[in-house]
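Peer 1: Can you read through this structure? Questions will come right after.
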Amino acid sequence: MTVTRFAPSPTGYLHVGNLRTALFNWLIARKAGGTFILRIDDTDPERSKPEYVDQIKRDLEWLGLEWDRVEMQSARLDRYAVAAEELRGKGRLYECFETPAELDLRRKKQLNMGRPPVYDRAALALSEAEKDALRAERAAHWRFRLDHERIEWQDGILGPVSIDAASVSDPVLIRGDGQVLYTLASVCDDMDFGITDVVRGSDHVTNTATQIQIIAALGGAPVRFAHHSLLTGPQGEALSKRLGTLALKDLREQGVEPMALLSHMARLGSADPVELRQDMADLVAGFDISRFGAAPTKFDVSDLAGLSAKLLHGMEFDKVAADIAALGVPENLARDFWDMARENIETRAGMAPLWALCRDGVEPVVAPEDAEFVAQAMAMLPPAPRDATTWKAWTTAVKEATGRKGKGLFQPLRKALTGMDHGPDMSKLLPLLQAV
């Protein structure tokens, strides 16, 4: 059975980069009829906040990325302690005492000597007496001792990957304050939850190499890994500094349609063009992780506005019925209102001013040279109820009575009725105008 997970840290809001990871894992699980787990990586008690957990769930619910169960890492600390003890017993987890400043100095010396800045395992040479002395003055952290061999796997996006473990520092698994870090906690969770597929950003490739060895040391079986490319700005610039402005909650507030965002992210960076999907089943059916490439992927938030508008223009009434009802549009007018509004809005918020126009009318905008013409035309306007034929019949009659035609006929009438010189199809709008 296919089991995937999305594992955000509740230390901030989800952004488009997080969404890419969540969506790919969700699509893989749903396409295989498997399980999708939302795992909250909240082992950092100082930075993890309940309000971020709540917002993560709201964002995923808004997008329709429902999960099968939630797991909290903060509830599994005992499990991580058992795994750490097992690694100690196997000689794979060792105590270190260097401060960040000391490690930074060593890295600089290695770089100056033309060597890779890899941890030198100096802690392994400490005697018990030296360790006791260091324990008395500072807290220890714990590193996993890598076997210095090549670590290889077949990546679902990158293809064959091979990393020399000797070129990688032994990863810290437990900090000096006792906090279990992602590398160990994630391995334990993936093993215990039966995770079969992990999709994440290409910045995790080195983490994957070390985790493959940790999984083996704990007696687990490796999962299938795939590392998607990182997002850049439209000019190829780093997007990381802008991700705070691309939070999912902000895109929602801007009126971006969930399916427009999902359709975009489900194809962006792949060999296939972006195609708007109407529902989740369609999105799942069209997804293929092997179609994605390793090159950095350009993301332009302005693309979402056009996709959202296009999606709305083709959207069926039942998908907006609740929004229209919330505006107070009478049920007998709701479908006709949507037929009029759908091609004249960029976001759902655009329906509100259109309904206000229909319900309350506006102050007529009439140029002095058109005043007499508009007065004569309005006197000829058929009384309500009106239908889709009223506009054409009325303007035809006005044309015959006044001799006006073309723009000189239609524009003054539109402005008198709507206060705008452009807008919805008047044959659809006129029957909805309640105050005329």
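Residue-wise test of (1) buried (at least 18 other Cβ atoms within 10 Å of the Cβ); (2) closer than 21 Å to Ala84 by Cβ; (3) not assigned by TED's automatic domain parsing to the domain that holds Leu93.
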{"site": "Gln154", "(1), (2), (3)": "no, no, no"}
{"site": "Ile157", "(1), (2), (3)": "yes, no, no"}
{"site": "Asp164", "(1), (2), (3)": "no, no, no"}
{"site": "Asp170", "(1), (2), (3)": "yes, yes, no"}
{"site": "Val180", "(1), (2), (3)": "yes, yes, no"}
{"site": "Thr208", "(1), (2), (3)": "yes, yes, no"}
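Peer 1: Taking the options Glu346, Glu400, Glu363, name whichever one is at pLDDT 95 or above, among the charged types (D, E, K, R) and closer than 30 Å to His313 by Cα.
Peer 2: Going through Glu346, Glu400, Glu363 in turn, the sole match is Glu346.
Peer 1: Now a separate question. Tell me, please, whether a residue that is in the same structural domain as Val199 (by TED's automatic domain parsing), under 20 Å from Arg200 (Cα atoms) and surrounded by 11 or more Cβ atoms within 10 Å (Cβ to Cβ) can be found in the range 134-152.
Peer 2: Yes, the range 134-152 has at least one match.
Peer 1: To continue, here is another question. Inspect the range 70-87 for any residue being within 30 Å of Met280 (Cβ to Cβ), touching a strand residue (DSSP E or B) at 6+ places or on another chain (Cβ under 7 Å), free of Cβ contacts under 8 Å to residues at least 60 places away in the same chain and surrounded by 13 or more Cβ atoms within 10 Å (Cβ to Cβ) and give the result as yes or no.
Peer 2: There is at least one residue in the range 70-87 that is within 30 Å of Met280 (Cβ to Cβ), touching a strand residue (DSSP E or B) at 6+ places or on another chain (Cβ under 7 Å), free of Cβ contacts under 8 Å to residues at least 60 places away in the same chain and surrounded by 13 or more Cβ atoms within 10 Å (Cβ to Cβ).
Peer 1: Report, by residue number, each residue of the range 409-433 that is modelled with pLDDT of 95 or more and surrounded by fewer than 14 Cβ atoms within 10 Å (Cβ to Cβ).
Peer 2: If the condition is that a residue be modelled with pLDDT of 95 or more and surrounded by fewer than 14 Cβ atoms within 10 Å (Cβ to Cβ), then Asp425 is the only one that fits.
Peer 1: Right, here's the next one. Identify the single condition in (1) modelled with pLDDT of 95 or more; (2) closer than 29 Å to Arg342 by Cα that Arg277 does not satisfy, given that it satisfies every other one.
Peer 2: Of (1) modelled with pLDDT of 95 or more; (2) closer than 29 Å to Arg342 by Cα, only one is false for Arg277: (1).
Peer 1: I need a count of the residues in the range 171-206 that are more than 23 Å from the chain's Cα centre (by Cα) and aromatic (Phe, Trp, Tyr).
Peer 2: Adding up the residues that qualify gives 1.
Peer 1: If Pro296 satisfies all but one of (1) in contact with a Phe, Trp or Tyr (Cβ under 9 Å, 6 or more places away or on another chain); (2) touching a residue at least 40 places away in the same chain (Cβ under 8 Å); (3) surrounded by fewer than 17 Cβ atoms within 10 Å (Cβ to Cβ), what's the number of the condition it fails?
Peer 2: (1)
Peer 1: What do you reckon, is Ala367 out of contact with any Leu (no Cβ under 6 Å at 6 or more places or on another chain) and either within 19 Å of Asp336 (Cα to Cα) or not assigned by TED's automatic domain parsing to the domain that holds Asn344 (or both)?
Peer 2: no
Peer 1: Considering only the range 197-215, I want to know if a residue exists there that is part of a loop (DSSP other than H, G, I, E, B), hydrophobic (A, V, I, L, M, F, W, C) and either touching a helix residue (DSSP H, G or I) at 6+ places or on another chain (Cβ under 9 Å) or in contact (Cβ under 8 Å) with a residue 40 or more places away in the chain (or both).
Peer 2: no
Peer 1: Give me the helices (runs of 4 or more DSSP H) completely within the range 17-130, filtered to those with at least 2 residues that are under 25 Å from Leu230 (Cα atoms) and in contact with a Lys or Arg (Cβ under 9 Å, 6 or more places away or on another chain), ordered by residue number.
Peer 2: Result: 50-63.
Peer 1: Looking for something within 30 Å of Glu346 (Cβ to Cβ), without any contact (Cβ under 8 Å) to a residue 24 or more places away in the chain and part of a loop (DSSP other than H, G, I, E, B) - is there at least one such residue anywhere in the range 223-231?
Peer 2: No, the range 223-231 contains no residue that is within 30 Å of Glu346 (Cβ to Cβ), without any contact (Cβ under 8 Å) to a residue 24 or more places away in the chain and part of a loop (DSSP other than H, G, I, E, B).
Peer 1: A further question follows. Residues in the range 226-244: is at least one within 24 Å of Arg107 (Cβ to Cβ), more than 17 Å from the chain's Cα centre (by Cα), modelled with pLDDT under 95 and not acidic (Asp, Glu)?
Peer 2: Looking through the range 226-244, at least one residue is within 24 Å of Arg107 (Cβ to Cβ), more than 17 Å from the chain's Cα centre (by Cα), modelled with pLDDT under 95 and not acidic (Asp, Glu).
Peer 1: Which of the residues belonging to the range 381-407 are farther than 28 Å from Arg335 by Cα and surrounded by 14 or more Cβ atoms within 10 Å (Cβ to Cβ)?
Peer 2: Those that are farther than 28 Å from Arg335 by Cα and surrounded by 14 or more Cβ atoms within 10 Å (Cβ to Cβ): Ala397, Val398, Lys399, Thr402, Arg404.
Peer 1: Within the range 314-394, which helices (runs of 4 or more DSSP H) (wholly inside it) include 1 or more residues that are in contact (Cβ under 8 Å) with a residue 40 or more places away in the chain and among the aliphatic types (A, V, I, L, M)?
Peer 2: The qualifying helices (runs of 4 or more DSSP H) are 331-341, 351-360, 371-379.
The values are calculated or read from the model by the stated rules, or taken from the named source; none is laboratory data. Keep in mind that this is a model prediction, so the values were computed, not measured. Positions of Cβ are generated from backbone atoms using ideal geometry, with glycine treated the same way; all protein chains shown enter the neighbour counts.
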